[in-house]
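Asker: My structure is below; once you've seen it, I'll send some questions.
The values are calculated or read from the model by the stated rules, or taken from the named source; none is laboratory data. A quick note: this is a predicted structure, and the numbers were derived from the prediction, not measured. Neighbour counts run over all protein chains shown; Cβ positions are idealised from the backbone, glycine included. Areas reflect the complete protein model, heavy atoms only, side chains present, ligands, DNA and RNA absent. Shrake-Rupley method; radii C 1.70, N 1.55, O 1.52, S 1.80 Å.
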Amino acid sequence: MAVTTMIGAKIHRREDPRLVSGEGRYVDDFTRPGCVALAVVRSPHAHALVKSIDITQAAKAPGVVAVYTHKDFVKVLSGTMPVTPSFVAEKKQSPPRFPIADKEVVYQGEPVAVVLAETKYQASDASNLIEVEYETLPAVMDLDKALEAKSPTVHSGAPDNLGWDLTYIPDDPAVMKEADVVIKVRILQQRIAPTSMETRGVLAEYSKPDGTLTVWMSSQSPHFVRLFLGGAMGIPENRLRVISPDVGGGFGAKISPYSEDWLVPAAAKLSGRPVKWIESRTESLQTTTHGRGQVFEVEAGAKKDGTLVFIKATQYLDAGAYMGTFAAFQACACLLAGGAYNWKHVAARTVGVLTNKVPTDPYRGAGRPEATHLCERAIDLLAGALKMDPAEIRRKNFITTFPHTNHFGLVFDSGAYEKALDMAMKIAGYEKLRKEQEEGRKKGKYLGIGLSSWIEICGFGPSAATAPATGGIALVESAQVRVFPTGSVAVYVGTHSHGQGHDTTFPQIVADTLGVPYDSIELRHGDTAEGPAFGYGTYGSRSLAVGGMAVHKASKKIVDKARKLAAHMFEAAEEDIAFDQGQFYVKGSPDKRKAFGEVAFASYGAGLPEGMEQGLEAVAYYDPSNFVWPFGTHIAVVEVDPETGHVDLKRYIAVDDCGNIINPMIVDGQIHGGVAQGISQALYEEVVYDNESGQMRTGTFTDYLLPSANEFPIFELGRTITPSPTNELGVKGIGEAGTIASSIAVINAICDALAPLGIKHVDMPASPDRLWKQIQEASGGSSNGKEARK
Amino acid sequence: MKHKVATTVNGQRREHEVEPRLLLVHYLRDVVGLTGTHIGCDTSQCGACTVTVDGKAVKSCTMFAVQAEGKSITTIEGMAAKDGTLHPLQQAFWDEHGLQCGFCTPGFIMAASYLLSQNPNPTEDEIRQGLEGNLCRCTGYVNIVKSVQSAAKAMNGSKANAGEHSAAARRS
Ligand code: FES
Ligand code: FES
């Protein structure tokens, strides 16, 4: 690699001038001549039979172009929505899902008809005129009850509601006996709506004469959509173009394909008109996949001296009415249940359960926040039982030698967990905080300090591990680098940037590798008609560690060819050519140089070395040898008001290690956003359904609480750098780190604050109402509590 | 059925015939063709659609286009100077990494412009409270607050601050 000048620099984002000027282009900003608006008629019931659909009135309404139902769509769509094996290869059942309901609806919001009209107001008006007759059926809403033998089923005629039941590693009763103290806890991971500020949206145009389909949509993985949609519509990939332009956030909910991703293109084909659908916020809360939605039963044991012995986790995962494409991905919570620590034994089992709710799928962190939550909660409970400081029990049990193979065979590539803990404690002023806490307790102040020493598996991922998990396609990454005759460079990548700043960071890598000016490099992504044949998309904190490496690899291919050509131009042997900051020269005579641009120009001319083709471009696919493993320690400081149950988040400290850094400003931004989302899960957010009717109670922002600027403190960041040995850039990932760490830091802080009342565990969201009730119960029931409240 | 509406948008006079129920945000996006004003919710909670109407911040999804009759509207597209120089708020959001996906950004910039017009020297708390009507899912608001602080300084002519940040900026 050339001498680093751009990598590691705080370069301001080149996408920003457009975005701050209102010139970003999101799906809803596009239209096509003759475009019609599509509105979806959705089931108001969680579970019902569709007896009849009367479209007569709607079809006659002003501006209406067409009304389509299941019977129309089966003419142009075949197959079912994709479900990958992910971390559970064998499912007990995975109900087949067609993008629109036929005879039975199984969650509130499931599509039953669509209306096409000249304007969106007309489409919306007409959609209200469609009369659907339903016969309601019992809705399965509760995870525990869903598993009871007498439970009604989510789908009529199904044997039960069990999606999967997989024990990765069973108990080891002999090891369990070695523990001096054992704790048990049941942890709720509530359903969360991922809630990117831009909802989903699809615009599709079908050309009948050419048999081509172009789709603009808000997606994290346009190539996967092309693959699946092409299959469903019988259109080969060379005639199907998916464009994901500026995207207003994804957070995991724009990876999997959705019903509308099929219905809108199909409606374009059926009607012969371009069709656009933009999801409303209520549709988004009701029908975009939810995250989390799990319950964990956790048991853990330690020796008297604090040595950890065993942890055992059982995950009950609320899959919803169908399996999400990556429903079983969240089972990775089991594989990381041991966290950053040495345990003699780790046991884990995952149970997937169907319910009459919208499917769950990845949401920022996907399985890893859940793992961190359960492990860090267990560690604190053990510390409490042993009367040890939470920092000490962590320090005593950290994994310290790398590479480390965990109980499930996953290999942690590098880490320095204690270093991050130390730095976080230093920034927090840990000792002083503990003193303040002690003082405060005497005065009836409930101050709490919560630790979270997190680890993460990311950078998905090695082909050997990921091809079976997707059902065939390995999650590698592709890049194409083109050097034009006058030396400017275009880079095409298979990842997708929707806030992560790749337009800036990837050219930073290329600038260093090629030694050309940063400004001469342009990054392009999100259009399947450009660049390599397949791209894998952005999720799982993989873009840099896999996509960035693909960019680096393709750039190196360019340098290799340019070096050959430079040798030829110098009439020297290739081994004798040095390349430094964009200049070639013969070793030993650095005064005679050829700039990269000169060599690029020459590559398009005559007189190339024997057998060399003209041009200077390269495609690379990068298949990492392992996942990458970021880590860190976060500390939350809270004060709980025992009278109201209100939590005041006073400080938040985050020390994260994601290996080498390309652009520190962007890394910090990712941490800020991630931390805020985790805090938000801890304190505010929850998708609530009525348990009887299956109606969603949180269908608007009035009821689904998203925090504003007023709810957060400034986050105090620190950083350690432990390069990854997995890739040449030494990089890991940072997109999900904040979310993985933060929900449990806050919950541990709240539990710490309320410990004098005898409260051991608090579930999320730790709303004033939930805490107040717990505080009331604790104060009423324990003398300990009463005393503390005096 | 259709009503005449005449407005001034970013300094330009506009006249259209619109349905009385047409929301101002749809008018701006679909009729005037300015798509920088975004839509993030159905219940006037997210602030993505914020514009200023006669200098006051308004969520343009809460108002009908016909209610803007005779009024002067500024959208994000009207913030930069004619020669393309970014407004200090736009510049500050860029310099301070105040945006990630950028979807909420136009609304934040418009809300902040109103805030600073009322309170040129807001404290951190006043900024946080002043922007309470806008939601961002990407930034945790950290750099949004910093952006507004930095813009306030720049707009008040505090050279030290502006210099420091633009020097650190575009290293290329
Ligand atoms: S779109 Fe106007 S407040 Fe959300
Ligand atoms: S930058 Fe994405 S919502 Fe604010």
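Asker: Rounded to a whole number, what % of the accessible area of chain A do carbon and sulfur atoms account for, probe 1.4 Å?
Answerer: Numbers: 13830 of 26940 Å².
Roughly 51 percent, rounded to a whole number.
Asker: Order the peptides A:372-378, A:767-773 from the highest to the lowest mean number of other Cβ atoms within 10 Å of their residues.
Answerer: Listed from highest to lowest mean packing, they are A:372-378, A:767-773.
Asker: Output ³J(HN,Hα) for segment A:98-109: one whole-Hz value per residue in order, computed from phi by the Karplus curve 6.51 cos²θ - 1.76 cosθ + 1.60 with θ = phi - 60°, and x for Gly and Pro.
Answerer: 9, x, 9, 6, 10, 9, 9, 10, 10, 7, 5, x
Asker: Nearest 100 Å² is fine: what is the total accessible surface buried where chains A and B meet, probe 1.4 Å?
Answerer: Numbers: alone 29230 and 9350 Å², together 33930 Å².
Adding both sides of the contact gives about 4700 Å².
Asker: Per residue of A:248-255, what is the mean number of Cβ atoms on other protein chains within 10 angstrom of that residue's Cβ?
Answerer: That average works out to 3.
Asker: Now for a different question. Provide Rg and Dmax in Å for segment A:303-453, with only Cα atoms included in the calculation.
Answerer: Computed over the Cα atoms of segment A:303-453, radius of gyration and Dmax are 17.9, 53 Å.
Asker: Can you give the accessible area of A:L386, probe radius 1.4 Å, in Å² rounded to 10?
Answerer: Only protein atoms counted, so the area is about 30 Å².
Asker: As a test of the formula, what do you get for the protein assembly as shown when each DSSP H run with n ≥ 4 contributes -39,500 (n - 2.57) and the sum is divided by the residue count, at 222 nm and rounded to the nearest 500 deg cm²/dmol?
Answerer: -8500 deg cm²/dmol
Asker: Counting Lys +1, Arg +1, Asp -1, Glu -1, what net charge surrounds A:R395 among other residues with beta carbon under 12 Å of its beta carbon?
Answerer: -1
Asker: Can you spot the lysines whose alpha carbon is less than 18 Å from A:K71's alpha carbon? Ignore those fewer than 8 places along the same chain.
Answerer: Qualifying lysines at Cα under 18 Å: A:K51, A:K103, A:K269.
Asker: Leaving out same-chain residues fewer than 8 places away, which lysines sit with a Cα under 22 Å from that of A:K145?
Answerer: A:K91, A:K92, A:K184, A:K357
Asker: If packing is taken as the mean number of other Cβ atoms within 10 Å per residue, what is the order of A:531-537, B:27-33, highest first? Show your work: numbers first, answer last.
Answerer: On the way: A:531-537: 22.1, B:27-33: 19.4.
Listed from highest to lowest mean packing, they are A:531-537, B:27-33.
Asker: Do any trypsin sites (Lys or Arg not before Pro) in segment A:652-750 lie in a DSSP loop with no more than 15 other beta carbon atoms within 10 Å, and if so, which? Please report the intermediate quantities before stating the final value.
Answerer: Numbers: sites: A:R697, A:R719, A:K732; in loops: A:R697, A:K732.
Listed in order of number, the matching sites are A:R697.
Asker: Take the alpha carbon atoms of segment A:106-157, find their center, do the same for segment A:233-312, and report the distance between the two centers in whole angstrom.
Answerer: 19
Asker: Same structure, new question: With viscosity set to 0.890 mPa s and temperature to 25 °C, compute the Stokes-Einstein D of chain A, Rh being the Kirkwood radius across alpha carbon pairs; µm²/s, no decimals.
Answerer: 88
Asker: Net charge around A:A741, counting only other residues with Cβ within less than 11 Å of its Cβ (Lys, Arg = +1; Asp, Glu = -1)?
Answerer: Within the 11 Å Cβ shell, the charges total -3.
Asker: Under the Karplus relation 6.51 cos²θ - 1.76 cosθ + 1.60, θ = phi - 60°, what is the ordered set of whole-Hz ³J(HN,Hα) values for segment B:85-98, x standing for Gly and Pro?
Answerer: Taking θ as phi minus 60°, the curve returns 4, 5, 5, x, 5, 4, 5, 5, 4, 5, 5, 9, 6, x Hz for segment B:85-98.
Asker: Springs between alpha-carbon atoms under 10 Å, Gaussian network over chain B: tell me which of B:A154, B:A92, B:A48 tops the mean-square fluctuations.
Answerer: For chain B, modelled as a Gaussian network with Cα springs under 10 Å, the answer is B:A154.
Asker: In nanometres, what is the gap between the two model label sites at B:K82 and A:K303, each 7 Å from Cα along Cα-to-Cβ?
Answerer: The two pseudo-label positions are separated by 8.0 nm.
Asker: Going down the list A:K120/B:K56; A:K553/A:K592; A:K432/A:K732; A:K10/B:K82, which pairs span over 31 Å between their C-alpha atoms?
Answerer: Beyond 31 Å: A:K432/A:K732.
Asker: Give me the percent relative contact order of segment A:189-275, please, defined on Cα pairs under 8 angstrom at least 6 residues apart. Show your work: numbers first, answer last.
Answerer: On the way: 139 pairs, mean separation 34.2, N = 87.
About 39 percent, as a whole number.
Asker: Provide a whole-number value for the mean count of partner chain Cβ atoms within 10 Å of the Cβ atoms in peptide A:12-18.
Answerer: Mean shielding count: 6.
Asker: Quick query: amide H of B:T35 versus all other amide H atoms, modeled in the peptide plane; which residues come in under 5 Å with a sequence gap of 5 or more or a different chain?
Answerer: HN-HN under 5 Å from B:T35: empty list.
Asker: Additional query: If you count, for every residue in A:67-76, the Cβ atoms of partner chains within 10 Å of its Cβ, what is the mean?
Answerer: On the way: counts 0, 0, 0, 0, 0, 0, 0, 0, 0, 0.
Per-residue shielding by partner chains comes out at 0.
Asker: Still on this structure: Net charge near A:P82: determine it from the other residues with C-beta under 12 Å of the C-beta of A:P82, scoring Lys and Arg +1 and Asp and Glu -1.
Answerer: Once positives and negatives cancel, what remains is -1.
Asker: With θ taken as phi - 60° and the coefficients 6.51, -1.76 and 1.60, list the Karplus ³J(HN,Hα) couplings across segment A:728-735 in order, rounded to whole Hz; mark glycine and proline as x.
Answerer: Here the 3J(HN,Hα) series is 5, 7, x, 9, 10, x, 9, x Hz.
Asker: Compare the peptides A:204-215, A:748-759 by average per-residue count of other Cβ atoms within 10 angstrom and give them in order, highest first.
Answerer: A:748-759, A:204-215
Asker: A further question follows. Using only alpha carbon pairs under 8 Å that are at least six residues apart, calculate the relative contact order of chain A and give it in whole percent.
Answerer: Normalised by residue count, the contact order of chain A is 16 percent.
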